[in-house]
Amino acid sequence: MTDSTDAVVDLDRALEVARAAAAQAASIAMEHFRRPIDVETKADDSPVTVVDRACETAIRARIEDAFPDHAILGEEFGRAGEHRCLWLIDPIDGTRSFIRGLEFWSVQIALMVDGELVLGVSAAPPFDETAWAVRGRGAWLDGEPLHVAEAGSIDAMDLSLGNVRTLAKGPGWSRIGELVRRARRTRGYGDFYPYHRLAAGRLDAVVESDVNILDIAALTVIVREAGGTCTTLGGGPIGLDASSMLAAPEPLHGRLVSLLND
């Protein structure tokens, strides 16, 4: 970046705003969780509810009040504005889980400055937990520091797979099968959950397909600041066009990239 991030935005203030916005959205969502609700289908065949929209509206209002010049990209209302600072919002990541009364959904808010992810907040109200991180300042879960585990061996790792259906349709399915065969344990945790556990040292790797940047932006910052590495399955950077995720501590991450791509 041409200038330091601190010269562009006050990250302490940004974190305060993001955490407050996530808490407000979480409160709105919990008022409707496990209650009857109408469900619509968007053009991409994904579900949406009035709660998704209400949560994003609340988050946008908080950000716009604090940083009126900043750009915002949200799941339900798209992009507004052009600025070096771009807020990324998924008001309910895991809408299908929310609709079915499952706990695996969260509020995701991240900040990107000059194309680089610098801040993330991930609030999971059914679990009563919120993780957050700012680049260079570590990652936290409800005030406790997060640290990934030391995991160097594929054969000893606990692996979480996400969006297995899409993985199965892809050209690398046989390599995914090799990961499953070799891993000590494999589970299919969804959405935010495996990333929180990875950052806390309770999982060793997350492999996920069919995602977009709004799903993974905040989680990327949290895992990185907990000491992990996040890339696409091909080993590329997590940017606005990312559609997959490979997250793990080093050197395990490098070994997984090699197994999946060499």
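The values are calculated or read from the model by the stated rules, or taken from the named source; none is laboratory data. Since this is a predicted model, take the numbers as computed values, not measurements. Using ideal geometry, Cβ is built from the backbone for each residue, glycine included, and neighbour counts are taken over all protein chains shown. For accessibility, only protein heavy atoms count, side chains too; no ligands or nucleic acids. Shrake-Rupley method; radii C 1.70, N 1.55, O 1.52, S 1.80 Å.
So here's what we get for this one:
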item: Accessible area per residue, Å², segment 192-235 with all protein chains present, probe 1.4 Å; result: 23
item: Between segment 101-137 and segment 167-238, the Cα center-to-center distance that results, in Å; result: 16
item: Within the chain, helix-based [θ] at 222 nm, where runs of 4 or more DSSP H residues each add -39,500 (n - 2.57), nearest 500; result: -11000 deg cm²/dmol
item: Inter-label distance, nm, simple model (7 Å from Cα along the C-beta direction), residue 20/residue 66; result: 0.7
item: Lys, Arg +1 and Asp, Glu -1 on Cβ, resulting dipole of segment 78-146 about Cα centre, debye, nearest 20; result: 220
item: Most to least packed among 214-220, 150-156, 42-48 [average Cβ atoms within 10 Å]; result: 214-220, 150-156, 42-48
item: For the chain, size of Cβ-based charge dipole, Lys and Arg +1, Asp and Glu -1, in debye; result: 960
item: Sum of side-chain charges, residue 244 neighbourhood, beta-carbon under 10 Å (Lys, Arg +1; Asp, Glu -1); result: -2
item: Distant alpha-carbon pairs in segment 140-184 (separation over 16 angstrom), percent; result: 53
item: Percent of beta bridges antiparallel (DSSP, segment 99-185, rounded to nearest 5); result: 95
item: Charge dipole magnitude, Cβ of K and R +1, D and E -1 - segment 88-187, Cα centre, debye nearest 20; result: 660
item: Trypsin sites (Lys or Arg not before Pro) lying in DSSP loop within segment 114-189, provided at most 15 other Cβ fall within 10 Å; result: 137, 184
item: Stretch gain in nm, segment residue 202-residue 10, where the contour uses 0.36 nm per residue and the Cα spacing is subtracted; result: 65.9 nm
item: Positive-end residue, segment 172-262 charge dipole about Cα centroid, Cβ charges, pick of 252, 229, 212; result: 252
item: Loop-located GluC sites (Glu not before Pro) in segment 55-130, at most 10 other Cβ atoms within 10 Å (DSSP); result: 82
item: 0 to 90° range, to nearest 10: angle between helix 252-261 axis and the chain longest Cα axis; result: 80
item: Positive dipole terminus of the chain, leading residue within 151, 126, 99 (C-beta point charges); result: 151
item: Segment 147-244: translational diffusion in µm²/s, Stokes-Einstein, Kirkwood Rh over Cα pairs, 4 °C, 1.567 mPa s; result: 96
item: Distance histogram in 10 Å bins (all Cα pairs of segment 1-153, percent per bin); result: 11, 39, 32, 15, 2
item: Helix axis angle, 50-66 relative to the chain longest principal axis, alpha carbon, degrees; result: 70
